[in-house]
Amino acid sequence: MTGTPGLEFKGIAKRYGSIAAVEGFDLTVGRGELLTLLGPSGSGKTTLLKMLAGFEVPDEGDIILNGRSIATLPPAMRNVGMVFQHYALFPHLTVIDNVAYGLRYRGQGKAERRDKAERMLALVRLEGYGHRYPRQLSGGQQQRVAIARALAIEPDVLLMDEPLGALDRQLRLEMEQEIRRLHHELDTTFIYVTHDQEEALTLSDRVAIMRSGKLVGLGAPRSLYEKPPSAFVARFFGNSNLLPVEIIEPGGGKTRVRCLGMEFDMPCGTPGGTPVLIANPSAIEVGASRQNGLRLHALVQDAVFLGELIQLTCMPTEHRSLGPVTVRSPVGSAGVARVGEVVDLSIAFDRLRLVSDE
Amino acid sequence: MKRVARSTGEHAVATATRIVVALTVIFMLLPPALIVLLSFSGEDHLAFPPRSWGFRQYLALANSEYWLDAIWTSIKIAVPVAILSTLIGLGAGLAIHRSRLHGRGALSFAGITPLIVPVSAYAVAIYGLFAKLGLIADFTGMVIAHTILAVPISLILFDSAMSALKPELELVAMTLGASRRQAWTSITLRLLMPTFGASAVFAFLTSFDEAVLVNFLGGGVFVTLPKGIFDAVRFGVDPLVAAIATILIAVTAALAAVTVAIQRRTRA
């Protein structure tokens, strides 16, 4: 990530009839940054991408790309590359002609275009595939061609709309690496749209989380994952335990709360709306009985092996209304328990997060 | 390899299936096969089997001004029908897929109604209208009437071709620097080329083969090939008809085969 702003959204709004697809959207993306727009379907991320590519014009606000307002320019004038989920390769053109397509509108000679297209194919590791037709390539190869075609015009920003959504898991993981490599090799800004949180966490410099047309979370993958700013973000990453909490004494820098029958101070301001405590599964300890933390007896119902981690699903023996609690411990640590065992769970107060459940 | 023993029941079903398939093929192919066979008859009257063989019918055809005129009349009507029908099919396809026109769903249905309404019923309706407009026994009238029959085929071809075209193709072309018109001509129009060909061929054949409307609306002036055949068998069976029918079959099959081959080759 670099400090220079490459791309700015300023107060963007887009409505379809009475439905606001995007509203009051502000975001600054650094030049050369890889930013993911993450959100469930209908959250407005694709609408944003369309406005960036020039297929839609925002009702309000402006989009600034490298110091130039592009919100009302036609797509051809923006110098923005686009990669679609279903590749959108031109079926009547060979691979090399697909890649060279954009260069003919940039006043380049035939030899020059071929040369550039060959270099782009080499960049995505498809040397020697130039004479084939798109239908003769696998899905992963077709997506590489689409990426090469978009990069051939040397765009100021590369937009990718769920580019790996049509690929199987193995290929998706490979292509994630490939996209990261390309991003390292080039200094192009990448805007990547996905609804897959794992993909967003693996790929991005920063993740922008969208909900109902609004930006509800923005940050580096790790900080968003470990310290979700809201219950929505925590739920979206699907990894956090949400504990109901009662505010005893609200405050600006310190809030006294009661949870699971214990009263303690959280070192943060009182959130608006319904408060909730987030307990990260990997912050929960098994077996230890911590004094300055929440404690819970629970029956291990399920244990799933996740490679480096074991994920336990534990049913509390008291406070049953909580529902199952998810715990993740490193394989081989003391925190590994068997199904059917009753264990002590605890989490330090300072590992909990108090947020609003909007 | 292990062979699975089949029960007698399965065996009976398989045999029955084979018989039905064989009968269907014979039923479908026997009449045209007989016509082709008869066209090589060396006799001056129709009899089966012919006592002698030869190209007598084809030679007679080549020397008959009546039949050559009929072929020429058919072509003169079928060519403008092919062009008009293709243009209307393209326009209707665009309206259905690219516009926000109100009731464009109804258009795709309305466009194919000539396929559902019996041709003779159409002929009666058109006759009443054309009589008022002075289009009976008129070249323009014949072209219009045949175009109505051909448009559904063109529309179906363009409709299905356009629904297979992904709108993203044009969008991505525009991000690569193409204007809206450049994207349309270099991508969409180019991908529709085989459809233009197929539409023109099938519209041409629809008109070329048409025997009902020409009887109603031709006023006896237009003797197209099918009309000529119709008249010929009405006044007695001339074996020359078999030669004409054979040519008709050959031309139709060849054009259809070429169209299918082109479409298969250019399919994405």
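The values are calculated or read from the model by the stated rules, or taken from the named source; none is laboratory data. Quantities reported herein were computed from a predicted structural model and do not represent experimental measurements. Using ideal geometry, Cβ is built from the backbone for each residue, glycine included, and neighbour counts are taken over all protein chains shown. SASA here: full protein model, heavy atoms, side chains in, ligands and nucleic acids out. Shrake-Rupley method; radii C 1.70, N 1.55, O 1.52, S 1.80 Å.
Quickly run through region A:344-358 and pick out the residues that are in contact with a His (Cβ under 8 Å, 6 or more places away or on another chain) and surrounded by fewer than 18 Cβ atoms within 10 Å (Cβ to Cβ).
A:D344
Return the residues of region B:165-187 that are part of a helix (DSSP H, G or I) and either farther than 16 Å from A:F84 by Cβ or away from chain A (no Cβ under 11 Å) (or both); say none if nothing qualifies. Give the derivation first.
At the first step, the residues of region B:165-187 found to be part of a helix (DSSP H, G or I) are B:167-175, B:180-187.
Within region B:165-187, B:R180, B:R181, B:Q182, B:W184, B:T185, B:S186 meet the criteria.
Mind checking which helices (runs of 4 or more DSSP H) fall wholly inside region B:64-134 and carry at least 3 residues that are free of Cβ contacts under 8 Å to residues at least 40 places away in the same chain and among the hydrophobic types (A, V, I, L, M, F, W, C)?
Result: B:65-98, B:104-110, B:119-133.
Suppose we filter region A:128-142 for residues that are within 13 Å of another protein chain (Cβ to nearest Cβ), open to solvent by less than 50 Å² (accessible area, probe 1.4 Å) and either touching a strand residue (DSSP E or B) at 6+ places or on another chain (Cβ under 6 Å) or over 14 Å from A:Q85 (Cα atoms) (or both); how many remain?
2
Inside region A:175-190, can you point out the residues that are aliphatic (A, V, I, L, M) and open to solvent by less than 40 Å² (accessible area, probe 1.4 Å)? Can you show your working first?
Initial filter on region A:175-190 (aliphatic (A, V, I, L, M)): A:175, A:179, A:182, A:186.
Result: A:M175, A:I179, A:L182.
So, in region A:196-229, exactly how many residues are in a strand (DSSP E or B) and over 22 Å from A:C268 (Cα atoms)?
8
With respect to B:L189, is the statement that it is surrounded by 14 or more Cβ atoms within 10 Å (Cβ to Cβ) and farther than 18 Å from B:P80 by Cα true?
Working: surrounded by 14 or more Cβ atoms within 10 Å (Cβ to Cβ): no; farther than 18 Å from B:P80 by Cα: yes.
Spelling it out, it is not the case that B:L189 is surrounded by 14 or more Cβ atoms within 10 Å (Cβ to Cβ) and farther than 18 Å from B:P80 by Cα.
Taking A:G24, is it open to solvent by 50 Å² or more (accessible area, probe 1.4 Å), of a type outside the set (D, E, K, R) and either assigned to a strand (DSSP E or B) or in contact with a helix residue (DSSP H, G or I) (Cβ under 9 Å, 6 or more places away or on another chain) (or both)? Write out each step before concluding.
Values: open to solvent by 50 Å² or more (accessible area, probe 1.4 Å): yes; of a type outside the set (D, E, K, R): yes; either assigned to a strand (DSSP E or B) or in contact with a helix residue (DSSP H, G or I) (Cβ under 9 Å, 6 or more places away or on another chain) (or both): yes.
Yes.
Within region A:143-174, track down each residue that is in a helix (DSSP H, G or I), surrounded by fewer than 22 Cβ atoms within 10 Å (Cβ to Cβ) and within 12 Å of chain B (Cβ to nearest Cβ).
Result: A:L151, single match.
Suppose we keep only residues that are of a type outside the set (S, T, Y) and either over 17 Å from B:V221 (Cα atoms) or in a helix (DSSP H, G or I) (or both) within region B:135-148. Which one would you say is most open to solvent (accessible area, probe 1.4 Å)?
Restricting to residues being of a type outside the set (S, T, Y) and either over 17 Å from B:V221 (Cα atoms) or in a helix (DSSP H, G or I) (or both), the top hit is B:F139.
Just one of the numbered conditions (1) among the hydrophobic types (A, V, I, L, M, F, W, C); (2) over 29 Å from the mean Cα position of the chain (by Cα); (3) within 12 Å of chain B (Cβ to nearest Cβ) is not true of A:L52; which one?
(2)
Here is a check on your reading of the model: is B:V251 aliphatic (A, V, I, L, M) and part of a helix (DSSP H, G or I)?
Numbers: aliphatic (A, V, I, L, M): yes; part of a helix (DSSP H, G or I): yes.
Yes: the conditions hold for B:V251.
Does at least one position in region A:306-315 carry a residue that is open to solvent by 50 Å² or more (accessible area, probe 1.4 Å) and without any contact (Cβ under 8 Å) to a residue 24 or more places away in the chain?
Yes, region A:306-315 has at least one match.
Of all residues in region A:86-104 being open to solvent by 10 Å² or more (accessible area, probe 1.4 Å) and under 23 Å from A:E176 (Cβ atoms), which is farthest from the chain's Cα centre (by Cα)?
Filtering region A:86-104 for residues that are open to solvent by 10 Å² or more (accessible area, probe 1.4 Å) and under 23 Å from A:E176 (Cβ atoms), the one farthest from the chain's Cα centre (by Cα) comes out as A:L89.
In region A:63-75, is there at least one residue being open to solvent by less than 10 Å² (accessible area, probe 1.4 Å), of a type in the set (K, R), over 23 Å from the mean Cα position of the chain (by Cα) and more than 7 Å from chain B (Cβ to nearest Cβ)?
For region A:63-75, residues open to solvent by less than 10 Å² (accessible area, probe 1.4 Å), of a type in the set (K, R), over 23 Å from the mean Cα position of the chain (by Cα) and more than 7 Å from chain B (Cβ to nearest Cβ): absent.
If you go through region B:60-74 one residue at a time, how many are under 20 Å from B:F222 (Cβ atoms) and open to solvent by 50 Å² or more (accessible area, probe 1.4 Å)?
5
Would you point out which residue out of A:R119, A:R114, A:R125 is away from every other protein chain (no Cβ under 13 Å), open to solvent by 20 Å² or more (accessible area, probe 1.4 Å) and outside any helix (DSSP H, G or I)? Quick ask: steps written out before the conclusion?
Details: A:R119 fails: outside any helix (DSSP H, G or I); A:R114 fails: outside any helix (DSSP H, G or I).
The unique qualifying residue is A:R125.
Kindly indicate the residue of region A:77-100 that is more than 7 Å from chain B (Cβ to nearest Cβ), in contact with an Asp or Glu (Cβ under 8 Å, 6 or more places away or on another chain) and at pLDDT 95 or above and also nearest to A:Q136 (Cα to Cα) among those meeting that condition.
Looking at the filtered set, the residue picked out is A:I96.
If you check B:L157, B:L191, which single one turns out to be closer than 23 Å to A:Y105 by Cα and modelled with pLDDT of 90 or more?
That would be B:L191, the only listed residue that is closer than 23 Å to A:Y105 by Cα and modelled with pLDDT of 90 or more.
Examine region A:260-267 for a residue that is in contact (Cβ under 8 Å) with a residue 24 or more places away in the chain, outside any loop (DSSP other than H, G, I, E, B) and under 30 Å from A:M210 (Cβ atoms), and state whether such a residue exists.
Within region A:260-267, one or more residues are in contact (Cβ under 8 Å) with a residue 24 or more places away in the chain, outside any loop (DSSP other than H, G, I, E, B) and under 30 Å from A:M210 (Cβ atoms).
Return a yes/no flag: does region A:22-40 have any residue that is under 20 Å from B:P167 (Cβ atoms) and away from chain B (no Cβ under 14 Å). Full working, then the answer.
Looking only at region A:22-40, we keep the residues that are under 20 Å from B:P167 (Cβ atoms), and these are none.
No.
Return only the number of the condition from (1) under 26 Å from the mean Cα position of the chain (by Cα); (2) among the basic types (K, R); (3) farther than 30 Å from A:T194 by Cβ that A:R328 does not satisfy.
(3)
Output the number of the condition that A:G107 fails; it satisfies all remaining conditions of (1) away from every other protein chain (no Cβ under 11 Å); (2) open to solvent by 10 Å² or more (accessible area, probe 1.4 Å).
(1)
Kindly provide the set of residues from region B:211-260 that are open to solvent by 60 Å² or more (accessible area, probe 1.4 Å), of a type in the set (A, V, I, L, M) and over 16 Å from the mean Cα position of the chain (by Cα), ordered by number.
B:V221, B:V233, B:V237 - these are the residues of region B:211-260 that are open to solvent by 60 Å² or more (accessible area, probe 1.4 Å), of a type in the set (A, V, I, L, M) and over 16 Å from the mean Cα position of the chain (by Cα).
Testing A:F237 on (1) touching a strand residue (DSSP E or B) at 6+ places or on another chain (Cβ under 8 Å); (2) surrounded by 20 or more Cβ atoms within 10 Å (Cβ to Cβ), one condition comes back false. Which one is that?
The single condition A:F237 does not satisfy is (1).
Give me a count of the residues in region A:276-325 that are in contact with a Gly (Cβ under 9 Å, 6 or more places away or on another chain) and in a strand (DSSP E or B).
Of the residues in that region, 9 qualify.
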